[in-house]
Amino acid sequence: MMALYLELLRCGASEGKRILIYAAGSQGRGVLHVLRERGIEPAGFIDRNPTLQGRFVADLPVLSPTVLTKPGSADRYFIIVATFFFEREIADFLESYGFERDVGYVTYSRLKPRDYAVEVSGVCNLHCISCPRGGPRGQHRPAGMMDLDVFKKVIAKIRREDPFVGNIQLYQWGEPTLNRKLPEMIRYARENGILCSISSNLNYSADFRALIDARPECLRISVSGTGDDYAVTHTGGNWTVFSANVERVAALRRDICPEMKVELYYHLYKHNLGVQQDQVADMCRRFDFEFHPVPAYLISLDDVMGYCEGKTLPKAAQRARDILLIDIDEGLARARGEASLGCEALRVVLINADLSVSTCMMFFDPEFNTCTDNFLKTAIEEIDARRKQAMLCIKCRKYSIHRYCGIFAKISEEVRYQYEAQN
Ligand SMILES: C[S@@+](CC[C@H](N)C(=O)[O-])C[C@H]1O[C@@H](n2cnc3c(N)ncnc32)[C@H](O)[C@@H]1O
């Protein structure tokens, strides 16, 4: 599959078409990394985000999608669509301007059927009310850190089985900076052709110098509220510690690796809008971080499934629900409107700290959600086969929950552009 598409890309280039990567996020950068490894240099990125347009990412210009709407564009450009949630609508957009599937553009999922998440830390330092990891339900899933040697074996297997994988994420439920070997892991993966993204609550004062020196491709920072309100939903966290760590990370990035992408995800709830949101947006402007205001949701689909089956939500999740901007019912109603579409989470293989592989990355409880106990001992084709016929998927689709996270990704993009337009 990969060889075929690399050939397609070379054809596009040899026909005089210039290659553009649609979306300059982690997936787009991962694709760029793999292309460069193979001697293919794209002409730039396309991105809908107005704040990225006109800038350079990994030394390539970021252009607006309007360049593709000009007459003759389909003869000039070959597009690689590299986004996780928006592939279908971008493909529709391209086709409306004369780009033909597999001739004028190729989608990320054809080029790269799988993504990987490696949970290097099965532990979190906080107990956010919208997430099961740090609370009492966290006991249902083994906690612990992945060893560096084990991580190296995981990377080797991914490279062997999926050579087009150019980027992975090193988190799902836990806090990756708690793993002291994280910098070495990031460096090792990079030296072996894979870029790493991490996401952190920045409430643990890790060795940030070593971390940034290892050059993660992207650092996401998660936060919800400021001052005393910060800990309402980043439960157990401390705003002063967080802000000091943000300052430290910003200074180290400036000194060591200014090209490192930093995106701050601000989880929106009823109680942290207005002044608090603006304060964090200002912080992002000051440090040149991307600001992503995202309406919070209950991130463990076990909760959403339980709700659909008429069960009472766990207490913490109920407290979070009470302050959500977009209620479960509304999210589910919108998900039902897209029920016929596929599931994006199915393309992600989540390898847990204990090497077990989850059937679905969005469900937390391991019961009925473990497709193998040992990633290293199970061929990826076997993992695919087991995941595709899992009962969990059948149940999830019955309630259209497979579209639930995608709905929030779409709403988040709308909210972000609206906020940017107003500020
Ligand atoms: C569960 S966190 C674990 C990683 C890390 N500890 C952190 O805080 O970023 C994984 C991702 O979920 C996102 N997230 C957490 N709670 C959320 C919520 N209620 N709504 C939307 N996204 C959320 C975070 O922004 C983060 O990127």
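The values are calculated or read from the model by the stated rules, or taken from the named source; none is laboratory data. Computed from a predicted model, the values in this text were never measured in an experiment. Note: ideal-geometry Cβ built from the backbone for every residue, glycine included; neighbour counts use all protein chains shown.
Before moving on, here are some points about what is shown:
- Those residues of region 251-277 which are surrounded by fewer than 14 Cβ atoms within 10 Å (Cβ to Cβ) and under 19 Å from Asn49 (Cα atoms), in sequence order: Glu259
- Tally of residues being of a type in the set (Ser, Thr, Tyr) and assigned to a helix (DSSP H, G or I) across region 396-418: 3
- Scanning region 288-297 for residues that are buried (at least 18 other Cβ atoms within 10 Å of the Cβ), touching a residue at least 24 places away in the same chain (Cβ under 8 Å) and over 20 Å from Glu414 (Cβ atoms) turns up at least one hit.
- Complete set of residues in region 126-147 that are within 17 Å of Lys377 (Cβ to Cβ) and within 16 Å of the ligand (Cβ to nearest atom): Met146
Yes or no, residue by residue, for (1) among the aromatic types (Phe, Trp, Tyr); (2) within 23 Å of Arg110 (Cα to Cα):
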{"site": "Leu325", "(1), (2)": "no, no"}
{"site": "Phe368", "(1), (2)": "yes, no"}
{"site": "Ile380", "(1), (2)": "no, yes"}
{"site": "Asp384", "(1), (2)": "no, yes"}
{"site": "Ala390", "(1), (2)": "no, yes"}
{"site": "Ile394", "(1), (2)": "no, no"}
{"site": "Arg397", "(1), (2)": "no, yes"}
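- When the criteria are applied in full, Gly104 fails the requirement of being at pLDDT below 95 and within 16 Å of the ligand (Cβ to nearest atom).
- Here Gly44 passes the criteria (1) of a type in the set (Gly, Ala, Ser); (2) at pLDDT 95 or above; (3) surrounded by fewer than 15 Cβ atoms within 10 Å (Cβ to Cβ) except the one numbered (3).
- Here Val154 meets each of (1) assigned to a helix (DSSP H, G or I); (2) over 14 Å from Ala353 (Cβ atoms); (3) β-branched (Val, Ile, Thr) with one exception, condition (2).
- Subset of region 213-234 (residues that are more than 16 Å from Leu148 (Cβ to Cβ), in contact (Cβ under 8 Å) with a residue 24 or more places away in the chain and over 19 Å from the mean Cα position of the chain (by Cα)): Asp213, Gly225, Thr226, Gly227, Asp229, Val232, Thr233, His234
- Selection within region 356-379 - of a type in the set (S, T, N, Q) and in a strand (DSSP E or B): Ser358, Thr370, Thr372
- Taken together, Ser121, Ser64 contain a single residue that is modelled with pLDDT of 95 or more, under 30 Å from Asp229 (Cα atoms) and either of a type outside the set (Asp, Glu) or in the same structural domain as Glu413 (by TED's automatic domain parsing) (or both), which is Ser121.
- Members of region 383-418 that are within 16 Å of the ligand (Cβ to nearest atom), more than 20 Å from Asp115 (Cβ to Cβ) and buried (at least 17 other Cβ atoms within 10 Å of the Cβ): Ile411, Val415, Arg416
- Criterion: of a type in the set (A, V, I, L, M), more than 16 Å from the ligand (Cβ to nearest atom) and in contact with a strand residue (DSSP E or B) (Cβ under 7 Å, 6 or more places away or on another chain) - qualifying residue of Val150, Val118, Val154: Val154
- Pair list, Cβ under 6 Å, 6 or more apart: region 84-109 residue outside any strand (DSSP E or B), other residue exposed (fewer than 14 other Cβ atoms within 10 Å of the Cβ) and not acidic (Asp, Glu): Tyr97/Thr69
- Conditions (1) surrounded by fewer than 19 Cβ atoms within 10 Å (Cβ to Cβ); (2) more than 26 Å from Pro163 (Cβ to Cβ); number of the one not met by Cys124: (1)
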